[in-house]
Structures are given as C-alpha cells and as structure tokens.
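Each value in this text was obtained by applying a stated rule to the coordinates, not by laboratory testing. Computed from a prediction, not measured in an experiment: that's the story for all the values here. All Cβ positions, glycine included, derive from the backbone under ideal geometry; neighbour counts span all protein chains shown.
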Ligand SMILES: [Zn+2]
C-alpha cells in the first residue's frame, strides 16, 4: 500500500517534471548551465573522518594521523596555493583520511569545507603532495510555497506555516524590505509565494539555495521579484517588467523590526517632553542588535551628540544620505571615510543619547532634507538594457508558467 502510494507520488512528480521541463528548458540553459560539475568519487576502504574542533590546527590534526612534520608543511603550502585555505574553521571543516589498509600511512586526504566543495590531497610515489579542488554535483529542485496572512499574523509566522524554511524567509525579508514596510504593509488576507532552490546530493536534501521568485500582495500593489542572470554573468532581482528590484536603499535596515515611532513633522518627544519633529523612523531593537548599512556608500560621520548618542552617517550618492542613531557601539573598522557595502554591519543598537529604551533611529536625507524612509521613492541599483530586458521577459514568462503548474500541484518541483 505504502509502495503503491510512493509510486503514485513518483509518477506525479515525473509527470510534473515532463510538463514543466518542456517549458523550463530555456530557463535551465539560461540560469544553470555553468553549475554542472563532475561527481566526486572516494574509495570506501580505511577511511577516518575528523571534524575540526575549537583549538584544532592543521598540524595537530595531520600529526594525529601519523603524518610527519615535513608532510604537514607541504600540505599546508598546497592548501594555501591551490585552494586558498590558510585557517581551519571549527564546527565547519571536516577531514577524511584514506589509507590502503589499517596500518598503512595516509595516502589521500579529503578536506571538506562545505557540502559542495571538496579538496583532495594525494601523495605521489616521490612523496610529493598534490591538491585538487572538486565541486560536488548538486541536484537543484525549485520548489514553490505559498501562504496567506491571517489576523494577528506576522509575515514570519505565516511564512513558517507555509513551510518556508527560516533561512529562505530571511532572504525574502531582505528582498522585500526594499519595497515594503513589514510593520505597516502586512494585513490579514494578503497572499504571498516564494519559488526557491533546494539542493540535493545523492538523493538527499543538503540545504536550500537561492530565492528564484517572490510575490507579495502589498498595500501599494502586488510586489514581484525574479532572480535573473544577465549575459555577462551578473545576477540581480528584477520586477516583472525587468526593472531593477534592488533599490539603492532599504526602507527598513533591520529585518522584521517593529516600527515604534514613525516619521512626522510634529510629535511629542518622550524625553524632552515637548513637541518637535521626528526626522526619522524608530525600529524596536534590543541592545546589541547588529545594524546593517541601508545601502552602499561612504561613512561621513561616526560620532556622538546629545540627541543621537553614538551615530553613523553614510553618504550613498549625490542625492541620499542615511543616519543611524542611539548605537551602543560602532562596528570594528567603521570610521569616517570607510566605504561600506549594502547590508554591512556598521554598529549595534542601544540607547545612547536621548532615548527611552534601546532602538534604532533611522533617518534618510534626500538632497539635504529629511524624508520619510518608508515612503520616499527610491531609485533602483541596476536596470537592464533593451536586449537583456527582452531576454528577461522571455525567462520570466516561462518561469511564471512553471509557477502556475506548481501552484496547482504543490508536491511537484522544477528540476533545474
Ligand atoms: Zn527616533
């Protein structure tokens, strides 16, 4: 009975694949041609596995396997030269040591820094070590999950209920934060959907990959984003018409942070006790919450004043600057003149200056005037030229029909 059910399920998946594959063939060629790699082969006999722990060093691990000091030096040099590896990461890196028999010396070492990359070190007859990096073949399934916001829900809760893994949800937040204010734009009844990658190796799921498409019925209208690889290999997210979806600034630098005070030209100041303009937006954030830069730019102030406490001001371009106040501390290496990436941590939330409790006070300054971060019109980082736009639209149409199939058949997936 169970078998029959499984076969039935398999048939559905295969049938689904056949239909979707026809439509998706072009998509596969566009987006994943470069990812095909050779399978990894390892000999099964006499293998010992060592996971890197705190305090481990390469020489400690290798010498525990009976390797001599001279070999350790040669192996370290090869790892640095061929694989760019100079340090070990505890709880992440793994080693496999292979021998021809139990008491034989190690003749092959496999270092595994990620499920998708293996570094093979082999010793030749002359005692010379050789290093090869092998990419593990991944079998990518695009899966589709959709859900609906219920009364009193947050997007996070609804996303979890829809079966979207936490890491994928965080990526979706990052994407939608350019377009939406999760505090104000989320209402009961709104639908959302995500198409994302699941990576398999030898039939077992290993981890989740990229978000390929996302859709959310926001108050301002349906927000849609698609991941697309341009002919030059650069990857970006675009709306359904091929306009860059990644804006120069994020409206909410900290994901999923509740707005505790909005932008206004007049408000009663909780500490000063009289009415004055609130030139930014306050986000609830416990002391120590990392604060990412809302956009790429250059730090033009990293200072303290009575009102803002510890604050950082970033100049993004000729038009926009952002300011982050009440920090408990600044991030290491962030100084006046430092260039920061979008999303780079610049400091940590706190309650320095005039603040009743820990929060992030975030300001956006456009051409010298304070504007509401949650509503100001923001320029997109990159747009597609006409040729790429046409390619994108073709890709997007195929993907959309794939999504339609998946929406009607939730157990199906697209084989990429
Ligand atoms: Zn404030």
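Estimated at 0.36 nm per residue, the fully extended path between residue 191 and residue 367 surpasses their Cα-Cα distance by 59.7 nm.
Packing order of peptides 277-285, 221-229, 123-131, highest average first: 277-285, 221-229, 123-131 (average count of other Cβ atoms within 10 Å over each peptide's residues). Annotation for residue 394 and residue 69: the two label points, set 7 Å from Cα along the Cα-Cβ direction, are 6.4 nm apart. Highest mean packing first, where packing is the average number of other Cβ atoms within 10 Å per residue, the peptides 304-312, 142-150 line up as 142-150, 304-312.
When both the range 318-352 and the range 214-249 are represented by their alpha-carbon centers, they are found 26 Å apart. Given their separation in residues at 0.36 nm each and the Cα-Cα distance between them, residue 206 and residue 126 gain 25.0 nm when the chain is fully extended. Counting pairs of alpha carbon atoms under 8 Å apart in space and at least six apart in sequence, what relative contact order in percent does the chain give? Computed value for the chain: 14 percent relative contact order. A helix-only calculation puts the chain at -7500 deg cm²/dmol for mean residue ellipticity at 222 nm, using -39500 (n - 2.57) for each DSSP H run of at least four residues, averaged over all residues.
Residues 63, 180, 111, arranged from fewest to most other Cβ atoms within 10 angstrom of their Cβ, appear as 63, 180, 111. A full extension of the chain between residue 258 and residue 241 corresponds to an added length of 3.0 nm, given 0.36 nm per residue minus the alpha carbon distance. Shape class of the chain from the alpha-carbon gyration tensor: oblate, with a/c at 1.5 or above and b/c at least as large as a/b.
Cα centroid separation, the range 364-411 to the range 43-119: 45 Å. Could you tell me the calculated FRET efficiency between residue 80 and residue 49, based on Cβ-Cβ distance and R0 = 22 angstrom, to the nearest 0.05? Efficiency, from the Cβ-Cβ distance: 0.45. Spin-label model, residue 335 to residue 166: label points 7 Å out along the Cα-to-beta-carbon direction sit 3.7 nm apart.
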